[in-house]
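The values are calculated or read from the model by the stated rules, or taken from the named source; none is laboratory data. What you see is a predicted model, and the numbers here were worked out from it, not measured in a lab. With ideal geometry, Cβ positions are generated from the backbone for all residues, glycine too; neighbour counts draw on all protein chains shown. Note: areas computed on protein heavy atoms with side chains; ligands, DNA, RNA excluded. Shrake-Rupley method; radii C 1.70, N 1.55, O 1.52, S 1.80 Å.
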Amino acid sequence: MKKFQSIKGTKDLLPEDTILWREVEMAIHNFMQLYGYGEIRTPVFEQTELFARGIGEGTDIVSKEMYSWIDQGGTNLTLKPELTAPVVRSYIQHNLSGKSPINRLYYIDSLFRRERPQKGRLRQFHQFGIEAIGSEYPEQDAEVISMAYKIYEMFGVDELVVKINSIGSPEIRQPYLQALRESLESHSDKLCKTCQSRLGKNALRLFDCKSESCKGVLDKFAVTIDTLLTEEDKKHFQSVLKYLDAMKIPYIHDIKLVRGLDYYTRTTFEIASRKLGAQDALCGGGRYDKLVEEFGGKPTPAIGFAAGIERLFIALDIDDTNKPLPLTDVYFVALGDEAVKVAFEIAEKLRLEKGIAVTVETLQRSMKAQMREANRNNAQFAFIIGDNEIAANKIIVKTMKSGEQQEVPIDKIDELFSTEHDCNCSDC
RNA sequence: GUGACUGUAGUUCAGUUGGUUAGAGCACCUGAUUGUGGUUCAGGAUGUCGUGGGUUCGAGUCCCAUCAGUCACCCCA
């Protein structure tokens, strides 16, 4: 018999995991609300062309990592590999610019890229992120970058490194690439093999090379982008840095920080943590002042970031020992079918009227086995009911922690919870 | 797409130069306690040794292929 298993690079989240995921998601929702950002949810798939034009045909994402197919109607569709393009599409489609000149949006979502899985990289993975659409001013950059920083601070992630750079307007991209190639042409023999091929097809990525000898060559000979920035670009960038200083956000101005997606302009940034291994970027983002126009909207400046949730978990050092326990308030130990009937009735009443989490035995197990289950479920109380108790119209209430137990008349059960009880649940 | 390493019970892992019936801790189940968990004690079940082929009298162990996982490259969150 064939055993099915989840697709390579995808993960099941079991109850022990989802408790934590929900906590993290709730924290993100609360955080975003504090900054006045509204949640946006877009469909899991879009027209392939949206990503091809938004992210860029030449990028690895579009050229080899997308899950794309032709549907029965002949439309070319793609599971979303990132969210800026869908959000911008939605922004234009629903005319959000007409409702307000500034739209602050955030999302928590699943993304799909067909890459070889490794630490901090999956084929279905999760990101949260924000898109602030409408402001060209540096204070918007500062707001977005500070939010990325503050949310990691809130989660208690340490060893944060914020890298920031300006890559200028799209107009200087081509001249810069040309200048970069020219500056390195005569030294290309000193570069590693991958860098030699990068020089031709993806020159900006040269700066990511980890080889010491390549770094040396680059430091010595490579033209950096700041030499081509316009006065306005420079002024904008300096203002962003000034705001960050004022907010006491530490950063490194990394003139080698470039981002892979075509739509970025001016400010780009990245937050990394040493905890993560080779894929050390927790989040990345930047300005994309031309994308709305590119998609047929009015010229509208924007900036955002995207943050990997799985990578956040790695940075948080979550393991089995600090995972929260599954919780219930009451485990109903029921002996015999009459007892089960009564237990169901009482359980339902407590759930509805008192908001108490009650689990009723459904395996007809021995009392010993049921008690063990109560313990495993981390129940605060075991309610024990059998023929004797039914005859006396009582149930036995055992406090698991102390081991004490008392008989309580069935019609007085809800009084146990009449005042604020010492609830087990994670919400209170 | 490329490379390295790893696949043995639910889980974490032992398993000698190839040798009979493949083990341990934890978890699970039963009992000690006829209706009382978490501690203790006694016992119990559990495996197509990832899969397929090959070498051999004999393969968990050696060889080949394949699949899966992990990490790294490329690239990205």
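Observations
- The accessible surface of region A:170-229, taken with every protein chain in place and a 1.4 Å probe, is 51 percent carbon and sulfur.
- Mean separation of Cα contacts under 8 Å, 6 or more apart, over the residue count of region A:170-229: relative contact order %: 44 percent
- R0 of 41 Å, Cβ-Cβ distance A:Asp189-A:Glu159: FRET efficiency to nearest 0.05: 0.65
- Comparing A:Ser213, A:Ala179, A:Tyr243 along the charge dipole axis of region A:139-258, the residue lying farthest to the positive side is A:Ser213, per the Cβ-charge model.
- At full extension, A:Asp317 and A:Lys242 could sit 23.7 nm farther apart than now, given 0.36 nm per residue minus the alpha carbon distance.
- Anchor A:Lys412: aspartates and glutamates whose Cα lies under 20 Å away (excluding residues fewer than 8 positions away in-chain): A:Asp329, A:Glu338, A:Glu345, A:Glu348, A:Glu353, A:Asp387, A:Glu389, A:Glu404, A:Glu420, A:Asp422
- Residue-span extension gain [A:Gln405 to A:Tyr137] - 0.36 nm each, minus C-alpha spacing: 89.8 nm
- Counted charge near A:Leu111, where neighbours are those whose Cβ lies closer than 10 Å (Asp, Glu -1; Lys, Arg +1): +1
- For region A:330-417, a simple Cβ point-charge model (Lys and Arg +1, Asp and Glu -1, everything else neutral) yields a dipole of about 420 debye relative to the Cα centre.
- Only Lys, Arg, Asp and Glu carry charge here, each on its Cβ (+1 for the first two, -1 for the last two); on that basis chain A has a dipole of about 1600 debye about its Cα centre.
- Normalised contact order of region A:330-417, rounded percent, pairs of Cα under 8 Å and 6 or more residues apart: 31 percent
- Heavy atoms of the protein chains alone define the surface here; on that basis region A:89-216 has 47 Å² accessible area per residue at 1.4 Å probe size.
- Tensor-based shape of region A:189-291 (alpha-carbon gyration tensor, a/c under 1.5 rounded, otherwise prolate or oblate): prolate
- A:Met367 versus A:Gln174: modelled label distance in nm, points set 7 Å from Cα along the beta carbon direction: 8.6 nm
- Helix A:337-349 and the longest principal axis of the Cα set of chain A meet at an angle near 50°.
- In this view, the solvent-accessible surface of A:Asp12, computed with a 1.4 Å probe and all protein chains in place, comes to about 110 Å².
- Under 11 Å from a label point set 7 Å out along the Cα-to-Cβ vector of A:Asp12, no amide N atom of region A:124-142 is found.
- Unsatisfied cross-links (Cα-Cα over 22 Å) in the set A:Lys163/A:Lys210; A:Lys8/A:Lys275; A:Lys80/A:Lys163; A:Lys256/A:Lys298; A:Lys341/A:Lys394; A:Lys119/A:Lys190: A:Lys8/A:Lys275; A:Lys80/A:Lys163; A:Lys256/A:Lys298; A:Lys119/A:Lys190
- Cβ-derived FRET efficiency at R0 22 Å, A:Gln5 paired with A:Gln124, nearest 0.05: 0.95
- Principal-axis analysis of the Cα atoms of chain A puts helix A:15-34 at an angle of about 60° to the longest axis.
- Extension gain, A:Thr42 to A:Lys234, is 65.6 nm, computed as 0.36 nm per intervening residue step minus the present C-alpha separation.
- Listed residues A:Pro101, A:Leu83, A:Gln72: farthest to the positive end of the dipole of region A:67-116 (Cβ charges): A:Pro101
- Cα gyration tensor of chain A - equivalent ellipsoid semi-axes, whole Å, descending: 55, 23, 22
- Sum of side-chain charges, A:Ser166 neighbourhood, beta-carbon under 10 Å (Lys, Arg +1; Asp, Glu -1): 0
- Dipole-positive endmost among A:Gln118, A:Met32, A:Ile271 within chain A (Cβ charges, Cα centre): A:Gln118
- Relative contact order, whole percent, for chain A stands at 15, derived from Cα pairs under 8 Å and 6 or more residues apart.
- 0 to 90° range, to nearest 10: angle between helix A:84-93 axis and chain A longest Cα axis: 90 degrees
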